[in-house]
Amino acid sequence: MTLLNNNRRYVLSTLVAIAVSGCASTPTPVSITQTLANTPSLSTLNDLVIKTGLAPTLAGPGPFTVFAPNNDAFKAVPAKTMEALAADPARLKDVLTFHVLPGKAMSADVKNSSVKTVNGANVALSKAGTFVTIEDAVVKTADVEATNGVIHVIDTVLIPPVRR
């Protein structure tokens, strides 16, 4: 009987250790700015957020929803367009804020609708099952939680209409 109890204790303590170690490995959410900085596939966006001075805003209380183009999305933008944006910081800031919504919208919250971005322009959001799009961009990784909102990684850089 003692051997059986010892085995039960061993199995129970092993299961508890596994459960605790599983919890310990879950990353603690950080701000949107810190999440961008910690995500290698978003390094281009992170550099541009810093360059335009948006980092303090995206580190603030929010909440924000960021549709974050990955590095491959930026590589797909024509070189002339990227050069023009680099030469026009105000336009670059408009492009980046076109990817940000006020409030926190998880992928489950997305409805087929038009919503206003922080930039002031509207974007079309669509959802079919778990498939989410914003304009022509597809959400590749949804619901990356941050302390001040959520990030959805997308495959396309969105270019807002030019304001007149």
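Scalar couplings 3J(HN,Hα) for segment 29-39, obtained by applying the Karplus form with A = 6.51, B = -1.76, C = 1.60 to θ = phi - 60°, are x, 10, 5, 4, 4, 5, 5, 4, 5, 8, 10 Hz; x denotes Gly and Pro. In terms of accessible area, using a 1.4 Å probe and ignoring ligands and nucleic acids, 113, 107 rank largest first as 113, 107.
With the cut-off at 1.5 for a/c, could you classify segment 57-164 from its C-alpha gyration tensor as rounded, prolate or oblate? The shape class here is prolate. At full extension, residue 43 and residue 126 could sit 27.2 nm farther apart than now, given 0.36 nm per residue minus the alpha carbon distance. Considering Cα pairs under 8 angstrom that are at least six residues apart, work out the relative contact order of segment 67-147 and quote it in whole percent. 20 percent.
Backbone geometry of segment 117-134 corresponds, through the Karplus equation with coefficients 6.51, -1.76 and 1.60 at θ = phi - 60°, to 3J(HN,Hα) couplings of 8, 4, 5, x, 8, 8, 10, 8, 9, 9, 9, 9, x, 9, 7, 10, 10, 10 Hz, x marking Gly and Pro. For residue 145, the solvent-accessible surface with a 1.4 Å probe is about 100 Å², rounded to the nearest 10. Approximating the spin labels as points 7 Å out from Cα along Cα→Cβ, the residue 115-to-residue 90 distance works out to 2.8 nm. Distance cut-off 22 Å, Cα to Cα: go down the list 93/116; 111/140; 51/80; 51/75; 75/116; 75/104 and report the pairs above it. The pairs that break the limit, which is 22 Å between Cα atoms, are 75/116; 75/104. Computed from phi, the 3J(HN,Hα) profile of segment 67-77 under the Karplus parametrisation 6.51, -1.76, 1.60 (θ = phi - 60°) reads 8, 9, x, 7, 4, 5, 5, 5, 5, 7, 6 Hz, with x in place of Gly and Pro. Around the amide H of residue 156, modelled in the peptide plane, lie the amide H atoms of 70, 138, all under 5 Å away and 5 or more residues distant in sequence or on another chain.
The values are calculated or read from the model by the stated rules, or taken from the named source; none is laboratory data. What you are looking at is a predicted structure, and each value in this text was computed from that prediction instead of being measured. Every residue, glycine as well, gets a Cβ built from its backbone with ideal geometry; the counts of neighbours run over all protein chains shown. With ligands, DNA and RNA removed, areas are computed over all heavy atoms of the protein, side chains included. Shrake-Rupley method; radii C 1.70, N 1.55, O 1.52, S 1.80 Å.
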